[in-house]
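A single structure is presented below for examination.
The values are calculated or read from the model by the stated rules, or taken from the named source; none is laboratory data. This one's a predicted model, so the numbers in the text were calculated from it and none came from an experiment. FYI the Cβ positions are ideal-geometry reconstructions off the backbone, even for glycines, and counts take in every protein chain you see.
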Amino acid sequence: MYGATSVSINYPHTQFMNLFSLQSRIIVTCSNRLSNYLQQEISELGLVPVRIFKTGVELFGTMQDCIRLNLNLRCASQVLFSIKEFAAYDASDLYNALVKVEWEKIIPAEENFSITSNVTNETITNNLFANVKVKDAIADRFREKTGVRPNSGPELNGVVVHLYWKESIAELFLDTSGETLSKHGYRKIPGKAPMLESLAAANLLALKWDRKSAFINPMCGSGTLAIEAALLASNRKPGLYRSNYSFMHLCGYEESFYLNFYKEIETAVVENCTAKIIASDISEDAVNISKVNAGIAGVEDMITFELCDFAATTIPENEAGVIYFNPEYGDRLGDEIELEETYSRMGDFLKQKCKGYWGYIFTGNLELAKKIGLKPKRRIEFYTGKIDCRLFEYELYAGSREVREV
């Protein structure tokens, strides 16, 4: 589901005899406008996306493919594995279909399970009601077949069952991730208005950056962009920072499945990176928070932190690379009038001190962006939360040629 499907799947009655060798539809979800970057990541793993939509990518594979996706993806939110598609017009139809599923072959009796859902059905006014129906079906099936039932609750640290139900068609998934993948696990101190790690990773994938040249991040805040740049340059995958996924709690799971893929990402780390990564901020608290988060990620030695106004940030000479700003937007943290001068200064800084680099400014305030005074080569669309944002790209010529205000 999640829009029109492009892969036809048969769901045999004996499908759960060997869950980890079963092939099915996989939906990898992401935040809006990240799916192109998610597709790029999936393709680089040698897997074949068959459909891309605005909040995800569809492919076909096994539960073991899901394990690999969970450990490797930077831009994803959840990895969903389809186990049943059926017609359901109301809650009774939903319950009747789900009580027939062989839950005792999916969820170990001693495990906890939880339900998540995405429901658009005129008979359902609250998703929690649909969740309760799914939970009741699982519990009743267990009581009938085994005399016991697993515990259920809102925590996503055990088996997670996801229901997608649109009008009269429903699809049941195992959420193999559990807690969202969009948080990469190293940021213990978020700071003010931090960028979500998956969004930061997608921004980096959108840049003209070769992961070997300089990455300069003035106004670094809690350090997310600089840390994600270091992770990308050293090929450190998010799976290195997490030890619990929902797939680990399913019937048939063997630790060797996970350890094989963990070893794969562990040995792929590039220890001696050439990229010069510099992160600066005028706030001492921000710099200290960034250092702590970078230390947890294991990349503190890769990043040079500077306490200064952004205009005093070190720009290595005779280097190619990128300068990346993520300034305040004026809607949450700062007064818009005061920020007009800041945006104008950023434009002057890029033009005067960053020749030969690519400049990038990410903002959710398109009016303030006009104060930068440079003509962008590209305007790349993103969202942060519900804010419509742009990543502006500027080619900062090293010679006499300049791109100036429109």
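Please verify whether Gly347 is in contact (Cβ under 8 Å) with a residue 12 or more places away in the chain and at positive phi, treating the condition exactly as stated.
It is false that Gly347 is in contact (Cβ under 8 Å) with a residue 12 or more places away in the chain and at positive phi.
Taking interchain pairs and intrachain pairs at least six residues apart, which have beta carbon atoms under 6 angstrom, with the first residue in the stretch 248-260 and surrounded by fewer than 18 Cβ atoms within 10 Å (Cβ to Cβ) and the second hydrophobic (A, V, I, L, M, F, W, C) and modelled with pLDDT under 95?
Gly252/Leu19; Gly252/Phe20
A further question on this structure: Report every pair of residues separated by at least 6 positions or lying on different chains whose Cβ atoms are under 6 Å apart, first residue within the stretch 295-307 and closer than 14 Å to Thr224 by Cα and aliphatic (A, V, I, L, M), second at pLDDT 95 or above and in a strand (DSSP E or B).
Pairs that qualify, where the first residue is closer than 14 Å to Thr224 by Cα and aliphatic (A, V, I, L, M) and the partner is at pLDDT 95 or above and in a strand (DSSP E or B), are Met302/Ile277; Ile303/Ile277; Ile303/Ala279.
So which residues in the stretch 183-196 are in contact with an Asp or Glu (Cβ under 7 Å, 6 or more places away or on another chain) and surrounded by fewer than 19 Cβ atoms within 10 Å (Cβ to Cβ)?
Going through the stretch 183-196, the residues in contact with an Asp or Glu (Cβ under 7 Å, 6 or more places away or on another chain) turn out to be 183-184, 187.
Hit for the stretch 183-196 is Lys183, nothing else.
Got a number for residues in the stretch 223-242 being surrounded by fewer than 24 Cβ atoms within 10 Å (Cβ to Cβ) and of a type in the set (Gly, Ala, Ser)?
2
Quick one: which residue in Asp309, Asp281, Asp301 is at pLDDT 95 or above, surrounded by fewer than 20 Cβ atoms within 10 Å (Cβ to Cβ) and within 27 Å of Glu395 (Cβ to Cβ)? Steps first, please.
Numbers: Asp281 fails: surrounded by fewer than 20 Cβ atoms within 10 Å (Cβ to Cβ); Asp301 fails: within 27 Å of Glu395 (Cβ to Cβ).
Every option except Asp309 fails the conditions.
May I pose another question? What number of residues within the stretch 109-159 satisfy the criterion of being surrounded by 13 or more Cβ atoms within 10 Å (Cβ to Cβ), small (Gly, Ala, Ser) and over 19 Å from Phe247 (Cβ atoms)?
4
For the stretch 384-406, which positions are at pLDDT 95 or above and surrounded by fewer than 18 Cβ atoms within 10 Å (Cβ to Cβ)?
Asp388, Glu395
Would you check which residues across the stretch 267-298 are farther than 28 Å from Thr342 by Cβ and in a loop (DSSP other than H, G, I, E, B) and list them? Reasoning before the result, please.
Taking the stretch 267-298 as the starting set, the residues that turn out to be farther than 28 Å from Thr342 by Cβ are 267-274, 295-298.
Within the stretch 267-298, Ala268, Val269, Val270, Glu271, Asn272, Cys273, Thr274, Gly298 meet the criteria.
Report, by residue number, each residue of the stretch 39-51 that is under 14 Å from Ala202 (Cβ atoms) and either surrounded by 17 or more Cβ atoms within 10 Å (Cβ to Cβ) or touching a strand residue (DSSP E or B) at 6+ places or on another chain (Cβ under 8 Å) (or both).
Gln39, Glu41, Ile42
Among what's in the stretch 265-280 and is touching a residue at least 60 places away in the same chain (Cβ under 8 Å) and either out of contact with any Cys (no Cβ under 8 Å at 6 or more places or on another chain) or hydrophobic (A, V, I, L, M, F, W, C) (or both), pick the residue that is farthest from Arg211 (Cα to Cα).
Within the stretch 265-280, the match that is farthest from Arg211 (Cα to Cα) is Ile265.
Looking at this structure, is Thr180 in a loop (DSSP other than H, G, I, E, B), within 24 Å of the chain's Cα centre (by Cα), surrounded by fewer than 23 Cβ atoms within 10 Å (Cβ to Cβ) and not assigned by TED's automatic domain parsing to the domain that holds Gly385? Reasoning before the result, please.
Working: in a loop (DSSP other than H, G, I, E, B): yes; within 24 Å of the chain's Cα centre (by Cα): yes; surrounded by fewer than 23 Cβ atoms within 10 Å (Cβ to Cβ): yes; not assigned by TED's automatic domain parsing to the domain that holds Gly385: yes.
The answer is yes for Thr180.
Got a sec? Which of Ala109, Ala97 is in the same structural domain as Gln64 (by TED's automatic domain parsing) and either within 22 Å of Leu71 (Cα to Cα) or in contact with a strand residue (DSSP E or B) (Cβ under 9 Å, 6 or more places away or on another chain) (or both)?
Values: Ala109 fails: either within 22 Å of Leu71 (Cα to Cα) or in contact with a strand residue (DSSP E or B) (Cβ under 9 Å, 6 or more places away or on another chain) (or both).
So the residue among Ala109, Ala97 that is in the same structural domain as Gln64 (by TED's automatic domain parsing) and either within 22 Å of Leu71 (Cα to Cα) or in contact with a strand residue (DSSP E or B) (Cβ under 9 Å, 6 or more places away or on another chain) (or both) is Ala97.
Give me a count of the residues in the stretch 37-95 that are in a loop (DSSP other than H, G, I, E, B) and within 12 Å of the chain's Cα centre (by Cα). So that I can check it myself, show each step before the final result.
In the first step, residues of the stretch 37-95 are kept if they are in a loop (DSSP other than H, G, I, E, B); the result is 45-50, 54-55, 73-77, 88-90.
The next check asks that each one be within 12 Å of the chain's Cα centre (by Cα); those that pass are 55, 73-77.
Residues in the stretch 37-95 being in a loop (DSSP other than H, G, I, E, B) and within 12 Å of the chain's Cα centre (by Cα): 6 in total.
Same structure, new question: Which residues, counting only those in the stretch 160-176, are in a loop (DSSP other than H, G, I, E, B) and under 21 Å from Glu102 (Cα atoms)? Show your work before the answer.
Our first condition is that a residue be in a loop (DSSP other than H, G, I, E, B); within the stretch 160-176, this holds for 167-168, 176.
Listed by number, the list holds a single entry, Thr176.
Turning to a different aspect of this structure: Determine which member of the set Val99, Val57, Val79, Val28 is touching a helix residue (DSSP H, G or I) at 6+ places or on another chain (Cβ under 8 Å), surrounded by fewer than 19 Cβ atoms within 10 Å (Cβ to Cβ), at pLDDT 95 or above and of a type in the set (A, V, I, L, M). Outline the logic, then answer.
On the way: Val57 fails: surrounded by fewer than 19 Cβ atoms within 10 Å (Cβ to Cβ); Val79 fails: surrounded by fewer than 19 Cβ atoms within 10 Å (Cβ to Cβ); Val28 fails: surrounded by fewer than 19 Cβ atoms within 10 Å (Cβ to Cβ).
From the options Val99, Val57, Val79, Val28, the qualifying one is Val99.
Looking at the stretch 330-370 only, could you name the residues that are in a helix (DSSP H, G or I), touching a Phe, Trp or Tyr at 6+ places or on another chain (Cβ under 6 Å) and over 17 Å from Glu395 (Cα atoms)?
Selection gives Leu368 alone.
Also: Scan Trp209, Trp165 and give me the residue that is under 21 Å from Ser82 (Cα atoms), surrounded by 18 or more Cβ atoms within 10 Å (Cβ to Cβ) and not small (Gly, Ala, Ser). Reasoning before the result, please.
Working: Trp209 fails: under 21 Å from Ser82 (Cα atoms).
From the options Trp209, Trp165, the qualifying one is Trp165.
Among the residues of the stretch 150-159, is any under 12 Å from Trp103 (Cβ atoms) and assigned to a strand (DSSP E or B)?
Step one: filter the stretch 150-159 for residues under 12 Å from Trp103 (Cβ atoms), giving 150, 152, 159.
Restricting the remaining residues to those that are assigned to a strand (DSSP E or B) gives 152, 159.
Yes, the stretch 150-159 contains at least one residue that is under 12 Å from Trp103 (Cβ atoms) and assigned to a strand (DSSP E or B).
Could I ask something else about it? Taking the conditions exactly as written (of a type in the set (A, V, I, L, M, F, W, C) and either touching a helix residue (DSSP H, G or I) at 6+ places or on another chain (Cβ under 8 Å) or at pLDDT 95 or above (or both)), does Ala193 satisfy them or not? First the steps, then the outcome.
Details: of a type in the set (A, V, I, L, M, F, W, C): yes; either touching a helix residue (DSSP H, G or I) at 6+ places or on another chain (Cβ under 8 Å) or at pLDDT 95 or above (or both): no.
Criteria not met by Ala193.
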